[in-house]
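The values are calculated or read from the model by the stated rules, or taken from the named source; none is laboratory data. Source: prediction; values computed, not measured. Neighbour counts run over all protein chains shown; Cβ positions are idealised from the backbone, glycine included.
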Amino acid sequence: MIPLGLIILSALISAAAVVLAAPIARWPVLRVVVAAMSTLLAVVAWRLAANALSLNEDFMPAISVGDVVCLLAGGIPPAVVAALDRTVPRKTLPVIAGALAAFLANDIVL
């Protein structure tokens, strides 16, 4: 069982990666806020579900199903924002940043 404080920390790291990548990609501020908050909520929701479903056991050294699915939890929210707004330039950078940060933060922090 992963403590809530660590789950929130990893979600904050994931959201921060989206925020840091978005200005490089020239995303509008509102889109950045939506993508970052959605990433934060998705990572927290997934990790709470992973706790409830006992998906935190490592199937490889230091990697669990919970960690792997964090790639999706960190990448899907900014991808949805980018897909729904055709004015968002350079769509992939915040998506990649959110996905990788969510995976790495969840693998290292948790």
*Single condition Ser14 does not satisfy, out of (1) under 30 Å from Arg90 (Cα atoms); (2) at pLDDT below 90; (3) polar (S, T, N, Q)*: (2)
*Is it true that some residue in the range 1-16 is in a loop (DSSP other than H, G, I, E, B), among the aliphatic types (A, V, I, L, M) and surrounded by fewer than 17 Cβ atoms within 10 Å (Cβ to Cβ)?*
yes
_Residue under evaluation Ala52, criteria (1) of a type outside the set (Ser, Thr, Tyr); (2) under 15 Å from Met1 (Cα atoms); (3) within 11 Å of the chain's Cα centre (by Cα), criterion not met_ = (3)
*asked:* Please pick out the residue among Val95, Val65 that is touching a Gly at 6+ places or on another chain (Cβ under 9 Å) and among the β-branched types (Val, Ile, Thr).
replied: Val95
*asked:* Regarding the range 51-63, can at least one residue be identified that is among the aliphatic types (A, V, I, L, M), farther than 20 Å from Ile8 by Cβ, in contact with an Asp or Glu (Cβ under 8 Å, 6 or more places away or on another chain) and not in a loop (DSSP other than H, G, I, E, B)?
replied: yes
*Would you check if there is a residue in the range 80-99 being crowded, with 16+ Cβ neighbours inside 10 Å, free of Cβ contacts under 8 Å to residues at least 24 places away in the same chain and not in a helix (DSSP H, G or I)?*
no
*Would you point out which residue out of Ala42, Ala79 is modelled with pLDDT under 95, at negative phi and within 15 Å of the chain's Cα centre (by Cα)?*
Ala79
*Restrict the check to the range 23-37 and report whether at least one residue is modelled with pLDDT of 90 or more, more than 20 Å from Leu84 (Cα to Cα) and out of contact with any His (no Cβ under 7 Å at 6 or more places or on another chain).*
no
